[in-house]
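To keep things clear, I will list the structure first and then write my remarks on it.
Laboratory data are not the source of any read-out in this text; all were calculated from the coordinates shown. Treat the numbers as computed from the prediction; the structure is a model and nothing was measured. Using ideal geometry, Cβ is built from the backbone for each residue, glycine included, and neighbour counts are taken over all protein chains shown.
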Amino acid sequence: MTQAQRMYLVLLGVPGAGKGTQARLLEEALGIPQISTGDLFRYNLKNQTELGLLAKSYMDRGDLVPDEVTIRMVEERLARPDCARGAIFDGFPRNLTQAVALDRLTAAGGGIHKAPLVHLEDEEAMRRITGRRVCRTCGAVYHVEFNPPKSPGVCDLDGGELYQRDDDKPETVRNRLYVYYKQTSPLVGYYFAKGLLVQVDGAQPIETVQAQLLELLGVKTPLQG
Ligand code: ADP
Ligand code: ADP
């Protein structure tokens, strides 16, 4: 496949909007990998790498990890062979410096294809985050009420233990929302100005959001024939 055929997507939305959930479903539907900077930091934290230890203090406060570190991590991830046909970015970029860096990193492959904004009110995002549970081994995301696993506390996919992220406590979530509005929300205008922004109502059921995203991306689902 040539570089010109790559598809790079950027999922935007407040913490808890459903970006990770949708990115994982898009990964299956489109056959291109999800790149979640949050997941990559958590993986490094779990394995106690230098990068993980550096990221920890920022994540604990709900602040952004420095751009230089984050951008280098994404650059390395993008160089892996599974990104040969593109990637779905979830939680990156989170400010204008990162967005400009991503334009540079994807330029040879045709740049960003679309930037879907998953829209959700803060109150609902809070509700989602407080009930969020994540698989310790594969990172799959559940919600105790809205998207429960078949058996409580256990991942449907690999039987891993489900846990609540340290930064999903209400005090940290409030700062993450603040950081979102201050640093990340300008990206909505950034991608709109480039004609790449599409929007979906994230308050709908997971399957509906997914179907609408696929439609906006021009991908036919079996239901649509
Ligand atoms: P959520 O989508 O719920 O906000 P993430 O898993 O995307 O959570 O991010 C968790 C934390 O990881 C952030 O609060 C931040 O500290 C760090 N992080 C993730 N992505 C980035 C990024 N692109 N730049 C800087 N820090 C990031
Ligand atoms: P983000 O990556 O934007 O922070 P997640 O994908 O982790 O968001 O979703 C946050 C929480 O909300 C998770 O517990 C997830 O299971 C749940 N969730 C995601 N999408 C929906 C939806 N459409 N309706 C109800 N709950 C949802």
Q: Give me the number: length gained by fully extending residue 80 to residue 61, i.e. 0.36 nm times residue separation minus the C-alpha to C-alpha distance, one decimal in nm.
A: 3.8 nm
Q.
Net charge within 12 Å of residue 147 by Cβ-Cβ distance, Lys/Arg positive one each and Asp/Glu negative one each, not counting residue 147 itself?
A. +2
(Q) If I take every Cα pair under 8 Å that is 6 or more residues apart in the range 123-225, average their sequence separation and divide by the length, what percent do I get for the relative contact order? (A) 18
Q: Classify the range 71-190 as rounded, prolate or oblate from the Cα gyration tensor: take a ≥ b ≥ c as the square roots of its eigenvalues, call it rounded if a/c is under 1.5, otherwise prolate when a/b beats b/c and oblate if not.
A: oblate
Q.
Which of rounded, prolate or oblate describes the range 47-132 when judged by the alpha-carbon gyration tensor and an a/c cut-off of 1.5?
A. oblate
Q: Compute the relative contact order of the range 33-139 as a whole-number percentage, counting only Cα pairs closer than 8 Å that sit 6 or more residues apart in sequence.
A: 28
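Give a quick list of GluC sites (Glu not before Pro) in the range 115-210 that DSSP marks as loop, anything other than H, G, I, E or B, with at most 12 other Cβ atoms within 10 Å. Please list the in-between numbers first.
Values: sites: 121, 123, 124, 145, 161, 171, 207; in loops: 121, 145.
Sparse-neighbourhood loop GluC sites (Glu not before Pro): 121, 145.
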Q. For residue 114, which aspartates and glutamates qualify as cross-link partners when the Cα separation must be under 18 Å and same-chain residues fewer than eight apart are set aside?
A. 27, 28, 90, 103, 201, 215
Q: Pop out the ³J(HN,Hα) list for the range 154-164 in order, Karplus 6.51 cos²θ - 1.76 cosθ + 1.60 with θ = phi - 60°, rounded to Hz; leave Gly and Pro as x.
A: 10, 5, 4, 7, 9, x, x, 6, 8, 9, 9
Q) Is the shape of the range 152-213 best called rounded, prolate or oblate, per the rule: a/c under 1.5 gives rounded, else a/b larger than b/c gives prolate, else oblate, with a ≥ b ≥ c the square roots of the Cα gyration tensor eigenvalues? A) oblate
Q: Set the Förster distance to 41 Å, then compute FRET efficiency between residue 161 and residue 196 from the Cβ-Cβ distance, nearest 0.05.
A: 0.60
Q: Would you mind calculating the relative contact order of the chain from Cα pairs under 8 angstrom and at least 6 residues apart, reporting the percent as a whole number?
A: 29
Q: Run down the aspartates and glutamates and flag those whose C-alpha is under 16 Å from the C-alpha of residue 46, throwing out any fewer than 8 positions away in its chain.
A: 60, 161, 166, 167
Q: Filter the chymotrypsin sites (Phe, Trp or Tyr not before Pro) in the range 114-210 down to the DSSP loop ones having no more than 16 other Cβ atoms within 10 Å, then list what survives.
A: 146
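Calculate, in nm to one decimal, what residue 137 and residue 121 gain on full extension: separation in residues at 0.36 nm each, minus their alpha carbon distance. Intermediate results must be reported in sequence, preceding the final value.
Working: separation 16, 0.36 × 16 = 5.76 nm, distance 3.01 nm.
Stretched out fully, the residue 137 to residue 121 stretch lengthens by 2.7 nm.
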